[in-house]
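The values are calculated or read from the model by the stated rules, or taken from the named source; none is laboratory data. Quick caveat, the model's predicted, so the values are computed rather than measured. Here the Cβ positions follow ideal geometry from the backbone for every residue, glycine too, while neighbour counts run over all protein chains shown.
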Amino acid sequence: MEQSKQGLAEQRKEVWRRHIAECRESGLSYAEYARRHDLKESAFCYWRQRLSESSGQKPAFVELKVSESRTSGIEIIFGNQIRVSLRSDFDEKVLERLIGMLGSV
């Protein structure tokens, strides 16, 4: 009976791994993907975090190159899911908090 529970748990993980991979490939936001596939967004977020923790994945950072000709602000793109636009007079503390929150997503 214990093996049966473990087998079901692995099947459930595999279903969520497929959903997460398909969402990333689709270019849709997590919320939109969940809506289109009749999934609870909260469950989607739970499994995305749980599976990334179990795989040992850490948030990845990329080098940000700032162009001198761009005086209106900057735009930061995280994968194909999150886009943050900042005016040139943005508050650095707010940016630090935002990066912290995104690191836990």
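Residues are listed down the side, and each one gets a yes or a no for (1) surrounded by fewer than 13 Cβ atoms within 10 Å (Cβ to Cβ); (2) assigned by TED's automatic domain parsing to the domain that holds Ala9; (3) modelled with pLDDT under 75; (4) assigned to a loop (DSSP other than H, G, I, E, B):
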position	(1), (2), (3), (4)
Cys45	no, yes, no, no
Ser52	no, yes, no, no
Val66	yes, no, yes, yes
Ile76	no, no, no, no
Leu86	no, no, no, no
Met101	yes, no, no, no
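Mind telling me which of the residues Lys40, Lys13 ends up being outside the structural domain of Met101 (by TED's automatic domain parsing), surrounded by 11 or more Cβ atoms within 10 Å (Cβ to Cβ) and at pLDDT 85 or above? Being outside the structural domain of Met101 (by TED's automatic domain parsing), surrounded by 11 or more Cβ atoms within 10 Å (Cβ to Cβ) and at pLDDT 85 or above holds for just one of Lys40, Lys13, which is Lys13.
I'm checking my understanding of the structure. Among residues of the stretch 3-34 that are among the aliphatic types (A, V, I, L, M) and within 16 Å of Tyr46 (Cα to Cα), which one is farthest from the chain's Cα centre (by Cα)?
Looking only at the stretch 3-34, we keep the residues that are among the aliphatic types (A, V, I, L, M), and these are 8-9, 15, 20-21, 28, 31, 34.
Still in the list and also within 16 Å of Tyr46 (Cα to Cα): 9, 15, 20-21, 31, 34.
Working: Ala9: 23, Val15: 18, Ile20: 10, Ala21: 11, Ala31: 11, Ala34: 13 Å.
Filtering first and then ranking leaves Ala9.
The single condition from (1) outside any loop (DSSP other than H, G, I, E, B); (2) modelled with pLDDT of 85 or more that Arg97 fails is (2).
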